[in-house]
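Below you'll find the structure, written out as structure tokens, and then a few comments.
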Amino acid sequence: MSRARALPGLALALAGVLYSSWLIGPLLNPAFGLLDGYASELAARDQPYHLVFGLGDLVVGALASATGLALARRARGWPRWAWWTLVAFGVATALDGTVSSMDCAPSADARCARLAELGELSWRDQGHSVSSAVAIAAALASLFALLVSRRGRRASFRWGLAVAAVLLVGTAGTLVELIRPDAALGAWQRVQLLGLSGWLLYAGGIVAWNRVSPAGVRPRPVPGPPPAPGRRRRA
């Protein structure tokens, strides 16, 4: 494995692992169970250890943006779309953990929930819904572009379909719960987050282990030794 493929692949794999920081949420903030409320509420500015989760989103966003930008500049076709939408995901995720982090946690604070219903929270909190929606849309677009580019490789394509199934099911369940909320909201969003982490790991694996270069172009074959000269004809 060349360094040109290893570094971007490792960066995306690290982003996928860090994007699962919500798994340690109950340890740092016992007010939230593993499946309670939105995972982004852990980074709300009134919550303990919110800087830990905000920093996690910032690092994931930086890794995704930098890696996507490096790959997209040399890519063509569907891989190029996959990497540019990865950049969009990274920027939106970095905003989620910093500029557009939530003011408070509505699922754990009745007063916060009331203020959210009245639209009296800050513009940063209201912008969180926009940045989160952009991140999800960009991730779905990137995964779709990767699947199209992997149609000729059955094993890789099947892994991508499995990741897509998890992400789509989680996203659909989250959207339904937004319309008709109940106690299952946290569970559906965690499925969605698992799909997002799987997508980042899948993209990293494509870059690191595939024979196709990070630009999505097959490397040129190394020329072999010249053929032996044939016998000369007798005059």
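Things worth noting here:
- Extreme residue, surrounded by the most Cβ atoms within 10 Å (Cβ to Cβ), among residues of the stretch 58-77 that are over 18 Å from Ser20 (Cα atoms) and aliphatic (A, V, I, L, M): Leu71
- Members of the stretch 90-118 that are among the β-branched types (Val, Ile, Thr) and surrounded by 17 or more Cβ atoms within 10 Å (Cβ to Cβ): Val91, Thr93
- Of all residues in the stretch 119-132 being touching a residue at least 12 places away in the same chain (Cβ under 8 Å) and assigned to a helix (DSSP H, G or I), the one that is surrounded by the fewest Cβ atoms within 10 Å (Cβ to Cβ): Val130
- Take the conditions (1) under 14 Å from the mean Cα position of the chain (by Cα); (2) within 20 Å of Leu146 (Cα to Cα); Ala94 misses just one of them, which is (2).
- Residue satisfying condition, being in contact with a Leu (Cβ under 7 Å, 6 or more places away or on another chain) and more than 21 Å from Arg111 (Cα to Cα), within set Ala13, Ala66, Ala6: Ala13
- Selection count where residues are under 17 Å from the mean Cα position of the chain (by Cα) and either of a type outside the set (A, V, I, L, M, F, W, C) or open to solvent by 90 Å² or more (accessible area, probe 1.4 Å) (or both), scope the stretch 169-187: 3
- Positions within the stretch 125-138 being at pLDDT 90 or above and over 15 Å from Ala39 (Cα atoms), in sequence order: Gly127, Val130, Val134, Ala137, Ala138
- Boolean, Thr85 is hydroxyl-bearing (Ser, Thr, Tyr), open to solvent by 10 Å² or more (accessible area, probe 1.4 Å) and at pLDDT 95 or above: yes
- Set Gly25, Gly9: member being open to solvent by less than 60 Å² (accessible area, probe 1.4 Å), free of Cβ contacts under 8 Å to residues at least 60 places away in the same chain and not aromatic (Phe, Trp, Tyr): Gly25
The values are calculated or read from the model by the stated rules, or taken from the named source; none is laboratory data. Note that the structure is predicted; figures quoted are calculated from it, not measured. Counting neighbours? That spans all protein chains shown, and the Cβs are built from the backbone with ideal geometry, glycine included. The protein model used for the area step is the full one, side chains on, heavy atoms only, and it has no ligands, DNA or RNA in it. Shrake-Rupley method; radii C 1.70, N 1.55, O 1.52, S 1.80 Å.
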